[in-house]
Structures are given as structure tokens and as C-alpha cells.
Amino acid sequence: MRSGRDAPVDHMGAEKCYDPQASPEVMRYQVLVSLMLSSQTKDQVTAAAMQRLRSHGLTVPTILKTDDDTLGKLIYPVGFWRTKVKYIKQTTEIIHREFGGDIPNTLEGLVRLPGVGPKMAHLAMAIAWNQVSGIGVDTHVHRISNRLGWTRTKTKNPEETRKALEDWLPRDLWQEINLLLVGFGQQVCLPVGPFCSACLNQHICPSAHLTSPNKRPKPGSPGSPREPATMHKNPKINLEIKEEPTNIPLSPVHSHRRRARNTEEAPVATKEPKEEQPVVHLASGTKGKKAQSEVQAGPQPVKLRKRKGKTGLSVPTGGIKEKQKGGPASSTKLRTRTHKH
């Protein structure tokens, strides 16, 4: 997966930012400055800043004569550029005063410089001095090593990852692993949304598809490892809708219970369009007066209930109730109660 060597780190990393025509002392100084600028910064931004510095003059005497404002404009917009201006000036003064204009040739001397950590020191020893002092672990190496399970336990920071890798990785691979994993992290194993479907390690990686569940490849898909990992802009996906079977075989006990329950349940009535209901006329009284009331029947049938001395008309839905008092000489009193729905 890294055989093409076409990642940004392969063209713009610390190994490509220095001037190959410069003297060895200047070349080593430029390697150290590029490593200091690369912290928390993309390789494209670091390479552009190094190009401006080289055009200005990236040597120990030139940087000492450059004021902070000019140096800040040259390296902007690298991450934390104001802090890096201060560190570059302080480191350059120490190199000029204590090491005769050349960078230290030991790991302890490099770590003493302001703004230089263990990762930068190990890479500077490998690139500038061609000496393997340890593994340079940055965010890419730290992330990918934990995803691949190359650490016995999950490490919290790059320094713990470096110690865990050095415990088992052969020493002849220490110088190569940083460049391999950084380029792999820039192209495939991204921090957010890694391309697990295009990774050849997806079937052996314990973290495959955990951070990108929507990118799981399907059999026969372009991202399958059995086929070339090519990216398609508009892939055609055939969506198939699977219907669950309606007839599910049941045990004899369940089928017997279902038949018994179905016989007791009444069939569900279908809804019919509303029709005009007939009008019921009620009349009573000795003086010839008629009392009429229009009663609309509800969805349920009207039931007549007889009580002692009373005859009542009731609607089960509670919509309208009418009662007529008993006795031949009594007049009809109509009570109408309307509910707002």
C-alpha cells in the first residue's frame, strides 16, 4: 500500500525540505528547523514555509540577524507560529554558542534544545546524522500502532507508543517505520473516517470498520481487497428490500391458542361513508302541544332501557340523552346535552 511513495510526506517531509547543495552543517540545521515547524502542521504548509526561509537565507548567522516579526511572517501559517518563532531563535543561539554552529550529534543534546521533543530528536539523528537512536513516533504512528494492536496495551501518548514498539520491533526497521506509517495515515488510515474498505489489512486489523461503520465493503464491491482498490465517485448501489415471511410455523400449543383466540374475537368492521341519519319525533302532552327533537344516532345502535315508572332513551356513546317523565298528566321535558369533540 506504500509502494507508490506518493503521500505528502514522501515529497514534502523533513527529508525533502533541506537544500541538498548546502554544506553539511547548514543541511543539518535546516533539517532540525523543518522538524520544529512540522509539529501540529501539515506537510504542505511546512514545505511552503521552508521554501520562504531558504529564499531568505536559512543559516545560523542569518536567523540570528532576523527579527521576530520578519521570522513570523516567513513561517506563517504553521501551527503555533508565534511560539515556534521564539523556539527557533533560542535554539539557534544555543547552537551558535555551545555547538559551534552545528546541531548536537547526540539524543541528549538535541532534547535540551527549546521546542525539540523526543520524536524530533530521533528523526534528526536518523536524517541529519544517519544514526538510529530510536523510533520517531508522531500522531500518525501513535494512532495506527494502537489500531493495529502493535502495543500490548492501549498507550496514552506517543512516548509510551515508542517504548512499546521498541520492545518487539527489530531495530533495523526503526528508521523506516515512521515514513511508512505517516504516509499510510495520510492516505488510508485517516484520523477521522479511515478508508477501511480500501485497506488490505481490514481482515486482520482489530480496529477495522469500528471508526467507519458506513464504509464496510460488500462482497464484490470495488473496495474489496480481492479487487483493485479504486475509488468511484458515483457508485451504483442496488437496494434490495427483504420482506419478512408472513406465515411463521408455530408449535402445536401456540397454533391451538391462536385458533381459540381467533374464534372469540369479532371481525373488524370496515369504515363506511357517513349517511344521513333518520329523525326521531317525540310527542306527548294533554293540551295538544307537540315536542319534537331531532336525534342523530351515533355509530352504535340506540337502545331503549325501561326502569320502574320511567321510560328512557339512551345513546351508549354519551352524545345525546333524552328522558320522558312517566304519568299521563305530565308534559314532556326535553334535555339535550352536547359534547364538543
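The values are calculated or read from the model by the stated rules, or taken from the named source; none is laboratory data. This one's a predicted model, so the numbers in the text were calculated from it and none came from an experiment. With ideal geometry, Cβ positions are generated from the backbone for all residues, glycine too; neighbour counts draw on all protein chains shown. The accessibility values were calculated without ligands, DNA or RNA, using every heavy atom of the protein model including side chains. Shrake-Rupley method; radii C 1.70, N 1.55, O 1.52, S 1.80 Å.
Observations on the structure shown:
- Test for Met1: is it touching a helix residue (DSSP H, G or I) at 6+ places or on another chain (Cβ under 8 Å) and open to solvent by 10 Å² or more (accessible area, probe 1.4 Å): yes
Here is a yes/no grid of residues against (1) open to solvent by 30 Å² or more (accessible area, probe 1.4 Å); (2) under 23 Å from Phe184 (Cβ atoms):
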| site | (1), (2) |
| --- | --- |
| Lys86 | yes, no |
| Ile103 | no, no |
| Glu108 | yes, no |
| Gly117 | no, yes |
| Trp129 | yes, no |
| Gly149 | yes, yes |
| Arg152 | yes, yes |
| Glu159 | yes, yes |
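- The stretch 163-198, residues that are over 27 Å from Ser133 (Cα atoms) and among the aromatic types (Phe, Trp, Tyr): Phe195
- Any hit, the stretch 40-57, residues being farther than 25 Å from Asp10 by Cα and of a type in the set (D, E, K, R): no
- Filter pass, Ser39 being closer than 19 Å to Val116 by Cα and either open to solvent by 30 Å² or more (accessible area, probe 1.4 Å) or in contact with a His (Cβ under 9 Å, 6 or more places away or on another chain) (or both): yes
- Of all residues making up the stretch 9-30, the number that are within 14 Å of Leu58 (Cβ to Cβ) and either surrounded by 22 or more Cβ atoms within 10 Å (Cβ to Cβ) or not aliphatic (A, V, I, L, M) (or both): 11
- Residue match in the stretch 55-71 (condition: small (Gly, Ala, Ser), on the phi > 0 side of the Ramachandran plot and part of a loop (DSSP other than H, G, I, E, B)): yes
- For the stretch 188-200, a residue qualifies if it is open to solvent by less than 60 Å² (accessible area, probe 1.4 Å) and touching a residue at least 60 places away in the same chain (Cβ under 8 Å), and the qualifying residues are Val188, Cys199.
- Every listed requirement among (1) of a type in the set (Ser, Thr, Tyr); (2) outside any loop (DSSP other than H, G, I, E, B); (3) in contact with a Pro (Cβ under 9 Å, 6 or more places away or on another chain) is met by Thr41 save one, (2).
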